[in-house]
Amino acid sequence: MKAKELASKFKMVPQKENGLVFEEQNKKGLLDRANSGHAYYYFKPKTPTKFHVIDCDEYWIYHGGDDLEVYEISPKGKLKIHMLGCSKKAKLCLFIKKGNITATKPLKNNVDGTFVSLITVPQFSPKGLQISSTKEIMRLCPEAKIFFDC
């Protein structure tokens with residue numbers, strides 16, 4: 001099934017980082033935040049997301065569509081580029097540690113977009129989301145310039 005078809009099955013809404021999201025609500029835990037959360041994301045073709053950091057661990061699981069580059073920068077400025085998808089170079093799932101900065105970039109030949117699940121521990125909270133500016137990213141990790149180059 002194509003990523004666009006998967007995305008159309010859900011009432012997805014735009015997210016601050018770019019792309020579309022449908023978040024499933026879990027019961028709250030002891031601290032008014034569930035122990036884990038789950039959301040579906042659709043990353044549009046030709047539309048990179050903004051660099052951002054959240055205050056929980058993330059497990060990314062690929063479901064359909066084109067491969068997607070996931071950029072991950074540690075708080076010390078170390079860059080890793082992951083390929084999420086089903087090609088030989090890609091992984092079907094990956095782990096992003098709490099506090100690491102991420103952004104996604106579709107491949108140039110991406111025409112369908114990419115559909116993934118994100119499981120967060122604890123549940124994602126909008127209060128824990130911070131969008132990073134290009135200037136902040138370049139100061140922390142000059143190597144990330146390749147993300148911004150077309």
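The values are calculated or read from the model by the stated rules, or taken from the named source; none is laboratory data. Bear in mind that the values here come from a model prediction, so they are computed numbers and not experimental data. Heads up, the Cβs are rebuilt from the backbone with ideal geometry, glycines too, and the neighbour counts pull from every protein chain shown. Note: accessible area is taken over every heavy atom of the protein model, side chains too, but ligands, DNA and RNA are not part of it. Shrake-Rupley method; radii C 1.70, N 1.55, O 1.52, S 1.80 Å.
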Task: Which numbered condition E136 misses (of (1) open to solvent by less than 80 Å² (accessible area, probe 1.4 Å); (2) more than 18 Å from the chain's Cα centre (by Cα); (3) modelled with pLDDT of 95 or more; (4) not hydroxyl-bearing (S, T, Y)) - done: (1)
Open item on the list: For region 55-71, give me each residue that is open to solvent by 10 Å² or more (accessible area, probe 1.4 Å) and outside any strand (DSSP E or B).
Closed with: D55, D66, D67
TODO: Specify which of the listed residues (F148, F43, F115) is more than 14 Å from E17 (Cα to Cα), modelled with pLDDT under 95, within 12 Å of the chain's Cα centre (by Cα) and open to solvent by less than 80 Å² (accessible area, probe 1.4 Å).
DONE: F115
Open item on the list: Scan region 140-149 and tell me whether some residue there is touching a residue at least 12 places away in the same chain (Cβ under 8 Å) and closer than 26 Å to S8 by Cα.
Closed with: no
TODO: Only residues in region 125-139 that are free of Cβ contacts under 8 Å to residues at least 12 places away in the same chain count as the first member; pair them with residues that are part of a helix (DSSP H, G or I) and open to solvent by 90 Å² or more (accessible area, probe 1.4 Å), Cβ under 8 angstrom, at least 6 apart or cross-chain, and list the lot.
DONE: M138/K145
Open item on the list: Which pairs turn up if I take residues in region 83-105 that are over 19 Å from G19 (Cα atoms) and look for partners that are open to solvent by 50 Å² or more (accessible area, probe 1.4 Å) and among the acidic types (D, E) with beta carbon separation below 8 Å, at least 6 apart in sequence or on another chain?
Closed with: K98/D55; G99/D55
Task: Residue under evaluation L79, criteria (1) at pLDDT 95 or above; (2) among the hydrophobic types (A, V, I, L, M, F, W, C); (3) within 13 Å of the chain's Cα centre (by Cα), criterion not met - done: (3)
Open item on the list: Here's a check for you: in region 85-96, which residue that is modelled with pLDDT of 95 or more and within 11 Å of L107 (Cβ to Cβ) is surrounded by the most Cβ atoms within 10 Å (Cβ to Cβ)?
Closed with: G85
- [ ] Quick one: T104 ticks every box in (1) exposed (fewer than 13 other Cβ atoms within 10 Å of the Cβ); (2) of a type in the set (V, I, T); (3) within 21 Å of G37 (Cβ to Cβ) except a single one, so which number is it?
- [x] (1)
